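What follows is a single structure, written as structure tokens, with notes after it.
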Amino acid sequence: LQHLETKIENKVSKDFPTVKFLNYKNRKRILVTGGAGFVGSHLVDRLMLAGHEVIVVDNFFTGRKRNVEHWVGHENFELVHHDIVRPLYLEVDEIYHLASPASPPHYMLNPVKTIKTNTLGTINILGLAKRVGAKVLIASTSEVYGDPNEHPQSETYWGHVNPIGPRACYDEGKRVAETLSYAYMRQEGVSVRVARIFNTFGPRMHMNDGRVVSNFILQALQNDSITIYGSGKQTRSFQYVSDLVDGLVALMASNYTQPINIGNPVEHTIEEFALIIKDLVGTNSKIVELAAVEDDPQRRRPDISRAKKYLNWEPKVPLAEGLKTTIMYFAKELQKTKHSQRN
Ligand code: NAD
Ligand code: UDP
Ligand code: UDP
């Protein structure tokens, strides 16, 4: 893990010759939509280091060129500024479809755009996959289960989503994206993979995405109050980004076409999570309780038996280890911000 991180940090651009070149038969042309975002950029690193040709399509709504800049100029890499709500014509073998805002404050900022991205955008990607015969993996979410009545959540659970609440643009958008995927599979023979991704964290997360991991780490690093929304008894299960990337790559390579949960089943209340971060950062921050947010899912933990059985996948990185790497990343980012404010 550290090794990969350091390698990327040392600007792979200076190190291009170390990237393996696959023989023509094994090398694929791979499109990653949303590839300049948090998860997408880690996936791009993995695919590039494996020697594939990678095209990133991103409109930079929540993503940043900085996340992939170490690949710009590499002959196997292409960065395309494009909004997937508009049609796009490319020739590829595989598509990882990740383009969509992911954090509640981001997806609620422009709910109509979030719906368009997940519906019209997904139709374009599936239309492209159909035309070129590419395999397509859709980044779905644990939010398709809504505020679940079943715990832990297995893929057979149909969910409990408020269709008109503030989270609906994302939850229902992703549910339609799944529906579209299976409609294209049945009607057009498109080869689809559906990953239901649970809460993920790691370096390159957006500093101001308002999510619990980034908020708590930033608050702890700056000795500000750690803000718990509601009682703090609600739970989440957090996975480190390298585990997610392993899961996505394994799913793409598999023959499994039903939805599959990719997440870490270790569950914590948000209150416990605040204490874990406070302890790891070693801060004096107070923990304060603010108003609960509307429609906040109360319990969330993936049942990952399917992923274990069909992908031979399970998460490897313990929470504390992933958090330490992420805390270091955020500390560096804060220093950079302070430095640029001084100059
Ligand atoms: P992110 O916001 O960092 O990345 C999303 C990327 O998509 C950004 O680079 C953004 O600019 C791009 N994008 C958004 N709308 C677009 C559009 N219309 N056209 C082109 N590009 C567009 O988020 P992330 O955390 O990396 O999430 C990636 C995917 O994984 C998303 O589909 C998200 O729903 C899913 N997911 C993430 C999590 C998580 O915990 N991070 C959990 C469940 C699902
Ligand atoms: N599409 C695209 N790129 C392609 C092929 C299709 O963006 O390479 C878009 C196309 O504009 C259409 C959508 O994907 O709006 C769905 O395509 P499909 O072929 O399923 O539908 P149709 O074109 O028949 O409406
Ligand atoms: N949360 C919190 N304080 C914060 C940010 C989030 O208590 O500063 C809570 C939020 O109410 C939710 C959980 O942490 O119960 C996870 O929120 P996040 O926005 O990270 O992701 P979600 O899983 O809700 O999409």
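The values are calculated or read from the model by the stated rules, or taken from the named source; none is laboratory data. Since the structure is predicted, the reported quantities are computational estimates derived from the model, not experimental observations. Cβ coordinates were reconstructed from backbone atoms using ideal geometry, including for glycine residues, and neighbour counts include every protein chain displayed. With ligands, DNA and RNA removed, areas are computed over all heavy atoms of the protein, side chains included. Shrake-Rupley method; radii C 1.70, N 1.55, O 1.52, S 1.80 Å.
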Which pairs do you get when a residue that is aliphatic (A, V, I, L, M), found in segment 102-128, comes within reach of a residue that is within 8 Å of ligand 1 (Cβ to nearest atom), reach meaning Cβ atoms under 6 angstrom, with the pair 6+ apart or on two chains? L120/V85; I125/H97
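Would segment 98-108 turn up any residue that is touching a strand residue (DSSP E or B) at 6+ places or on another chain (Cβ under 6 Å), on the phi < 0 side of the Ramachandran plot and within 9 Å of ligand 1 (Cβ to nearest atom)?
Filtering segment 98-108 down to residues touching a strand residue (DSSP E or B) at 6+ places or on another chain (Cβ under 6 Å) leaves 98-99.
Right, trim to on the phi < 0 side of the Ramachandran plot and you get 98-99.
If we keep only those that are within 9 Å of ligand 1 (Cβ to nearest atom) as well, we get 98-99.
Yes - at least one qualifying residue is present in segment 98-108.
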Pull up segment 143-185, narrow it to residues that are hydroxyl-bearing (S, T, Y) and more than 16 Å from ligand 3 (Cβ to nearest atom), then point me to the one that is least open to solvent (accessible area, probe 1.4 Å). S181
A253 fails exactly one of the following numbered conditions: (1) out of contact with any strand residue (DSSP E or B) (no Cβ under 9 Å at 6 or more places or on another chain); (2) in contact (Cβ under 8 Å) with a residue 60 or more places away in the chain. What is the number of that condition? (2)
Do you know which of the residues in segment 215-239 that are of a type in the set (A, V, I, L, M, F, W, C) and part of a helix (DSSP H, G or I) is surrounded by the fewest Cβ atoms within 10 Å (Cβ to Cβ)? L221
Out of S140, S100, I need the residue that is under 16 Å from the mean Cα position of the chain (by Cα), open to solvent by less than 10 Å² (accessible area, probe 1.4 Å) and under 20 Å from H206 (Cα atoms). Which one? S140
Please go through segment 296-317 and give me each residue that is touching a residue at least 40 places away in the same chain (Cβ under 8 Å) and either farther than 28 Å from D171 by Cβ or assigned to a helix (DSSP H, G or I) (or both), ordered by number. S305, R306, A307, Y310, L311, N312, K316
In segment 191-207, anything assigned to a loop (DSSP other than H, G, I, E, B), under 21 Å from G173 (Cα atoms) and either within 8 Å of ligand 1 (Cβ to nearest atom) or open to solvent by less than 10 Å² (accessible area, probe 1.4 Å) (or both) is listed as F198, N199
Condition test on R186, is it more than 21 Å from H151 (Cβ to Cβ), outside any helix (DSSP H, G or I), out of contact with any His (no Cβ under 7 Å at 6 or more places or on another chain) and modelled with pLDDT of 95 or more? no
Which numbered condition H151 fails, given (1) in a loop (DSSP other than H, G, I, E, B); (2) in contact (Cβ under 8 Å) with a residue 40 or more places away in the chain; (3) in contact with a helix residue (DSSP H, G or I) (Cβ under 9 Å, 6 or more places away or on another chain): (3)
